[in-house]
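Shown next, in structure tokens, is the structure this report addresses.
The values are calculated or read from the model by the stated rules, or taken from the named source; none is laboratory data. None of these values were measured; they are calculated from a predicted model. Note: ideal-geometry Cβ built from the backbone for every residue, glycine included; neighbour counts use all protein chains shown. Just the protein is used for accessible areas: all its heavy atoms, side chains included, with ligands, DNA and RNA removed. Shrake-Rupley method; radii C 1.70, N 1.55, O 1.52, S 1.80 Å.
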Amino acid sequence: MYAEERQQEMAALIAQKGRMSVADLSELYGVTTETVRRDLATLDRSGVIRRVHGGAVPSSAFTTIELGTDEREHAYTGEKERIGKAAIDQLPSVGGSVFVDAGTTTARLAAHLPTDSDLVVVTNSIPVAARVAGLGGTRLHLLGGRVRGITQAVVGDDAIRALRSMRLDVAFVGTNGISLRHGLSTPDSDEAAIKRAMVESAHRVVVVADSSKVGREDLISFAPIDRIDVLVTDTAIADRDRKELTDNDIEVVTA
């Protein structure tokens, strides 16, 4: 097989699978890992794929395009529902405090909060605040500031200042991407700033994200991988991704 033919097949396979490692491609095509890396470098320069640590992902996995809440609400709905329900097990003890990030998966968690939960809930999400406001035992704090229409999240200096004055037991954080090299990432700088503040303000960080986010790298990193304590995701997460995360002392819970 000529190099060009192999590279075309690699690109198609990466697009189909969503991610391929150098080791797997080397074994599949019977070439050295050095040859695979050269092939991936060629494909990366052409914009067909993007190289990541240990392999490659489709170029579409790197994006600065942000979907709105309505579009994201209808993607991976079953997975998000299971993730939100499973994440309830990560709540602190009675009387504890949590931050619930803006996002469609975190909103599922909010929907599963016990109606009589004795918790302090801080959020920058308008939809989450609306869900939590009616819960009897919950004391709700909605951060103030500018509301981004596309995510219905409160962002800006006022919200960040308020958050930095708090110390919370657990932060339930959403993300657009998770990778070992780039950590947690998102396309928007304002969203990244408040997510960074919520991570820094929490004793424990629980990321709630479907498995399509694993291996993705968006424009702005807001937390290193070693700041994550738990990832709650779905059962479609690749074994290799799960091992990489657990090897970095991250508990991976699947639902």
Compare the peptides 183-189, 101-107, 34-40, 241-247 by average per-residue count of other Cβ atoms within 10 angstrom and give them in order, highest first.
101-107, 183-189, 34-40, 241-247
Expected unfolding gain across residue 139-residue 226 under the 0.36 nm per residue rule, minus the alpha-carbon gap, is 28.3 nm
Which value in nm describes the separation of the simple spin-label points at residue 166 and residue 27, placed 7 Å from the Cα toward the beta carbon?
4.6 nm
In the chain, with Lys and Arg counted as +1 and Asp and Glu as -1 at Cβ, which of these residues, 16, 175, 201, has the Cα nearest the positive end of the dipole, that is, farthest along it?
201
In whole percent, the fraction of accessible protein surface over the chain that belongs to carbon or sulfur atoms, probe radius 1.4 Å, stands at 48 percent
In Å, descending, principal axis extents of the Cα set of the chain:
67, 31, 30
Under a point-charge model restricted to the Cβ atoms of Lys and Arg (+1) and Asp and Glu (-1), what is the dipole moment magnitude of segment 158-247 relative to its Cα centre, in debye to the nearest 20?
240 debye
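As an exercise, use a Förster radius of 30 Å and the Cβ-Cβ distance of residue 251 and residue 111 to find the FRET efficiency, rounded to the nearest 0.05.
0.85
About the Cα centre, and with charges only on the beta carbon of Lys, Arg (+1) and Asp, Glu (-1), how big is the dipole of the chain? Nearest 20 debye, please.
380 debye
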Sum -39500 (n - 2.57) across every DSSP H segment of at least 4 residues in the chain, then divide by the residue count to get the 222 nm mean residue ellipticity, nearest 500.
-11000 deg cm²/dmol
Added length on full extension, which subtracts the Cα-Cα distance from 0.36 nm per residue, residue 204 to residue 4:
67.2 nm
Based on Cα positions only, what radius of gyration and what Dmax would you give for segment 111-255, in angstroms?
15.2, 43
With each pseudo-label sitting 7 Å past Cα toward Cβ, what's the residue 41-residue 146 distance in nm, one decimal?
4.2 nm
For residue 77 and residue 12 in the same chain, what is the full-extension length gain: residue separation times 0.36 nm, less their Cα-Cα distance, in nm?
20.7 nm
How big is the charge dipole of segment 203-255 about its Cα centre, in debye rounded to the nearest 20, if each Lys and Arg gets +1 on its Cβ and each Asp and Glu gets -1 on its Cβ?
80 debye
